[in-house]
Amino acid sequence: MGFFEKLFGSKKLKTTDADFGAIESFSKRGTDIGWQVNQEFLGFPIEILIAGDANGIVSHQKQILLDALQQETSIKTEAENALKEQFDNAEMEFISLEKHFHTRGMSVNDTGFELTFQEKATPNYFFNVHFENNKQVGVVIDG
């Protein structure tokens, strides 16, 4: 292990969640731990970032995630409608989620979650669709 890894690196924590199996930490601040869940969603393997502590994932956020995973079809429709609107605003033709995007990840918070899509044509553009109660409430484009 190199000097900087030893100085700044931290050992990832691992635990087994009853619903998601093996999960590991991606950050730790005091007693707060950010957990990473690997899951297939919308046809892609994605990383899901979610809050917790040493005992595992926070129950409220876990319920938001479980609800979203159970509603995958309606989440896809919501995301497609939001992304189509962005394409329409740019006067570009939108064909389908699968044609234009890779699903890259999800982050869960106390009010909902955010799905991140990477545009295939210009891979430097990421479209983050925000959801509350499994309904999209906004899109942020990062490039």
message: Can you name every one of the helices (runs of 4 or more DSSP H) wholly within segment 57-127 that holds 2 or more residues which are touching a strand residue (DSSP E or B) at 6+ places or on another chain (Cβ under 7 Å) and open to solvent by 40 Å² or more (accessible area, probe 1.4 Å)?
response: 72-89
message: Go through (1) under 23 Å from G138 (Cα atoms); (2) open to solvent by 80 Å² or more (accessible area, probe 1.4 Å); (3) touching a helix residue (DSSP H, G or I) at 6+ places or on another chain (Cβ under 9 Å) for D19 and report which single condition fails.
response: (1)
- request: Mind counting the residues in segment 132-143 that are open to solvent by less than 70 Å² (accessible area, probe 1.4 Å) and within 13 Å of L69 (Cα to Cα)?
  value: 1
- request: Please identify the pairs in which a residue from segment 23-35 that is closer than 17 Å to N109 by Cβ and among the aromatic types (F, W, Y) has its Cβ atom under 7 Å from the Cβ atom of a residue that is in a strand (DSSP E or B) and open to solvent by 50 Å² or more (accessible area, probe 1.4 Å), counting only partners at least 6 apart or on another chain.
  value: F26/L49
statement: Those residues of segment 54-105 which are among the aliphatic types (A, V, I, L, M) and under 14 Å from E132 (Cα atoms) amount to I64, L65, L66, A68, L69, I75, A79, A82
query: P45 versus (1) open to solvent by 50 Å² or more (accessible area, probe 1.4 Å); (2) in a helix (DSSP H, G or I): which is the lone unmet condition?
result: (2)
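The values are calculated or read from the model by the stated rules, or taken from the named source; none is laboratory data. Treat the numbers as computed from the prediction; the structure is a model and nothing was measured. Neighbour counts are summed over all protein chains in view; Cβ atoms, including those assigned to glycine, are modelled from backbone coordinates with ideal geometry. Side chains included, ligands, DNA and RNA excluded: accessible areas come from the protein's heavy atoms. Shrake-Rupley method; radii C 1.70, N 1.55, O 1.52, S 1.80 Å.
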